[in-house]
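> Please see the structure below; I have some questions.
The values are calculated or read from the model by the stated rules, or taken from the named source; none is laboratory data. Just so we're clear, the structure is a prediction, and the values are computed from it rather than from any experiment. Cβ placement follows ideal geometry from the backbone for every residue including glycine, while neighbour counts extend to all protein chains displayed. Areas reflect the complete protein model, heavy atoms only, side chains present, ligands, DNA and RNA absent. Shrake-Rupley method; radii C 1.70, N 1.55, O 1.52, S 1.80 Å.
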Amino acid sequence: MQLKSTCMSPTPPITLPTMICGSTTTTTTFTFTSFFQRFDPLHPLTHIPIPISISLTKPSPLSTPFLSLFKPSSSSLTLTTQPPQPRRKFALPATMLHQNPLVSDVCALAVSGTVAFSFLRLWEETAKRSIFDQKLNRKLVHISIGLAFMLCWPLYSSDGWGPILASVIPGINIIRMLVIGLGIYKDEATVKSMSRFGDYRELLKGPLYYATTITLASIIYWRTSPISIAAICNLCAGDGLADIVGRRFGNKKIPYNRNKSYAGSIAMAAAGFLASVGYCFDRYMYYFSSFGFMEGSLKLALGFLIVSVVTAFVESLPISTELDDNVTVPLTSVLVGSIIF
């Protein structure tokens, strides 16, 4: 914060005579009020009054030799200032959409639901119209839904209902995957946008695990924990881009797993790390940090880097091929994050 003096208005002097052993000491006090302009992006053109008091004391000639021993050689000048108050941290109100926390969370639920299902509808249409390759379309769903849902987390209040109502959106998606994957309800657009080979039973695996991960991250860890950020970012951005980059540039395979490539693993670690940093770090995109949910630091960024690198390594192992990377990726992120954060 920079301060610049803009004006100064003195008050009339106050003279107070004081008797000291027969001699008179005159004290004159001047009080100035100086206004300073604060250069602050959060409080532009704010003026801060800072009172300044100046006391000038001048003794009269002393009459006795004894008292002359205590005669000051010159007038004394005292300058007293009151320093400006430190800038308060940017703090949001407990609720953003309504004064009542429950009503605010219900409104946030409606907004986040609209955002999430709008993205789902968009990718269903692109799959139906065959705008993208089916595998690419599936990964675009994989990348965008979870990250877009996390962008809506600040809309919820700090009340206990916030994480519960936020988890309703991925919870509904869990029910959709079960109903469609079990054949109870037919939805060809959803099957085509989320499956590899167009089989509706595929929704009972990767897409179901995906929705379950986001639901549990919302309820258990929520927006104040870097573990939830790391788990969702490595699952969405990391695992999603690993497949896209690996298919295009993954000619050089990893020796211990011929189904994985160096390019895909590097892309996964980089994308997961950058997405995590983008949501939390104080000097990058500072999204969650700007809302006061957590404080960005180099230590936090280093923790995200370690989690992303370890998760990418585990994803490159043969066990991720045998199981499902929608299980191994978030599970590894949570386990490593619990140790680091």
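> With r as the distance between the Cβ atoms of T224 and V179 and R0 = 35 Å, compute the FRET efficiency 1/(1 + (r/R0)^6) and round to 0.05.
Result of the calculation: an efficiency of 0.60.
> Moving on to the next point. Where does each of I220, I174, I339 land when they are ordered by accessible area, with a 1.4 Å probe and the largest first?
Sorted by accessible area, descending: I339, I220, I174.
> Okay, next question. Could you order peptides 250-257, 133-140 by the average number of other Cβ atoms within 10 Å of their residues, highest first?
133-140, 250-257
> Something else about it: What are the aspartates and glutamates whose alpha-carbon lies under 14 Å from the alpha-carbon of K135, with same-chain residues fewer than 8 places away excluded?
Within the straight-line limit of under 14 Å, K135 reaches these aspartates and glutamates: E124, D199, E202, D239, D243.
> Across the stretch 184-234, how large is the tail of the calculated P(r) beyond 18 Å, expressed as a percent of all Cα pairs?
Across the stretch 184-234, Cα pairs with separations above 18 Å total 43 percent.
> Could you run the Debye sum over the Cα atoms of the stretch 105-164, one equal point scatterer each and no solvent, and tell me log10 of I(q)/I(0) at q = 0.15, 0.20, 0.28 Å⁻¹, two decimals?
The Cα Debye sum returns log10 ratios of -0.51, -0.73, -1.07.
> I would also like to ask the following. S261's amide H: which non-local residues (gap 5+, or another chain) put their own amide H closer than 5 Å, with H modeled 1.01 Å from N in plane and none for Pro or chain starts?
HN-HN under 5 Å from S261: I254.
> If each residue of separation counts as 0.36 nm, what is the full-extension length gain between F249 and A148 once their alpha-carbon separation is subtracted?
Additional length available on full extension: 33.7 nm.
> To continue, here is another question. Ordered by residue, what ³J(HN,Hα) values in Hz, to whole numbers, does the stretch 309-321 give under the Karplus form 6.51 cos²θ - 1.76 cosθ + 1.60, where θ = phi - 60° and Gly and Pro are x?
5, 5, 5, 5, 5, 5, 5, 7, 6, x, 5, 5, 6
> In terms of the Cα gyration tensor, with a ≥ b ≥ c the square roots of its eigenvalues, is the stretch 159-291 rounded because a/c is under 1.5, prolate because a/b exceeds b/c, or oblate?
Oblate shape, in that a/c is at least 1.5 and b/c is the bigger or equal ratio.
> Compute the Rg/Rh shape ratio of the stretch 216-255: radius of gyration over Kirkwood radius, all on alpha-carbon atoms.
1.21
> Continuing with the same structure: From the cross-link list K205/K260; K128/K252; K252/K299, which pairs have alpha carbons spaced over 30 Å apart?
Check vs 30 Å cut-off fails for K128/K252; K252/K299.
> Right, another one. Under 18 Å from a label point 7 Å along Cα→Cβ of I172: give me every residue in the stretch 220-245 with its amide N that close.
In the stretch 220-245, the label zone of I172 (backbone N under 18 Å from the point 7 Å along Cα→Cβ) covers no residue.
> Spin-label point model (7 Å from Cα, Cβ direction): what's the F132 to R196 distance in nm?
Distance between the two pseudo-spin positions: 1.8 nm.
> State the dimensionless ratio Rg/Rh of the stretch 138-214 (Rg: radius of gyration of Cα atoms; Rh: Kirkwood radius).
1.03
> Applying the Karplus parametrisation 6.51 cos²θ - 1.76 cosθ + 1.60 with θ = phi - 60° to the phi angles of the stretch 124-132, what ³J(HN,Hα) value in whole Hz is obtained for each residue in order, glycine and proline being reported as x?
5, 5, 5, 5, 5, 8, 6, 5, 10
> What is the extension gain from Y256 to N100, computed as 0.36 nm multiplied by their sequence separation minus the C-alpha to C-alpha distance, in nm to one decimal?
The span from Y256 to N100 would gain 50.6 nm if fully extended.
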